[in-house]
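The values are calculated or read from the model by the stated rules, or taken from the named source; none is laboratory data. Keep in mind the model is a prediction, meaning the values are calculated, not measured. Neighbour counts run over all protein chains shown; Cβ positions are idealised from the backbone, glycine included.
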């Protein structure tokens with residue numbers, strides 16, 4: 001939703017664009033215009049609420065959310081995937097899409113996040129009580145692969161903690177680490193703080209004294225192509241309604 005300061009003419013144009021099926025990525029079976037967003041996997045949970053709120057504001061729109069690791073999303077965008085908005089958890093992935101000349105305007109920061117060491121809450125034989133325990137023999141650890149944002153953030157965090165970890169599993173996105181944790185396949189993993197707060201109590205953070213800027217990421221969003229659907233969704237994300245939902249899910253200000 002555009003800020004209230006937007007001119008009435010601009011708002012009318014937005015309404016007409018959606019009403020006429022302009023700027024969408026297709027039309028769903030219910031006749032609504034589909035607008036597809038490629039979003040970093042750590043935004044999966046929050047987009048449940050963002051999607052509901054956006055569609056309430058734009059009832060003629062069906063928001064389709066596709067999540068994956070940021071490098072994968074950037075590659076999809078660069079190859080011309082039919083999407084209206086790209087959201088990555090790092091500038092490197094967004095730059096790849098920019099180099100492919102598929103962005104419609106400069107990326108905007110929409111939120112921040114930071115990593116933490118997490119363990120399964122119901123682990124009766126928990127072996128990780130502090131970050132240094134990750135380096136203990138026999139402790140099974142999952143990390144994101146170093147080429148994805150959560151992997152680079154995890155490495156920054158562990159370097160700052162002066163802990164050398166030999167990971168047993170390297171995942172292509174943070175959702176993979178979360179899955180291994182919730183299934184009890186690993187003793188610990190480095191995930192985003194929002195993954196812990198949004199786990200319904202399945203995960204818990206290991207105490208640390210790291211400032212939030214250590215292992216931090218910033219989410220960047222940019223419309224793809226010349227369709228207004230992506231720009232309208234971006235306006236919603238950086239506006240008061242989108243910001244409130246992101247904050248409620250534990251994401252920091254951009």
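See the values below:
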| item | result |
| --- | --- |
| Scan of region 134-154 for residues that are crowded, with 17+ Cβ neighbours inside 10 Å, out of contact with any strand residue (DSSP E or B) (no Cβ under 7 Å at 6 or more places or on another chain) and not in a loop (DSSP other than H, G, I, E, B), ordered by number | 152 |
| Selection from region 80-101 of residues that are more than 18 Å from the chain's Cα centre (by Cα) and either modelled with pLDDT of 95 or more or over 22 Å from residue 235 (Cβ atoms) (or both) | 80, 98, 99, 100, 101 |
| Subset of region 30-48 that is assigned to a loop (DSSP other than H, G, I, E, B) and touching a residue at least 24 places away in the same chain (Cβ under 8 Å) - its residue that is nearest to the chain's Cα centre (by Cα) | 32 |
| Per-region count, region 77-90, residues touching a strand residue (DSSP E or B) at 6+ places or on another chain (Cβ under 6 Å) and part of a helix (DSSP H, G or I) | 1 |
| Members of region 93-102 that are crowded, with 20+ Cβ neighbours inside 10 Å and in contact with a strand residue (DSSP E or B) (Cβ under 8 Å, 6 or more places away or on another chain) | 94, 97, 102 |
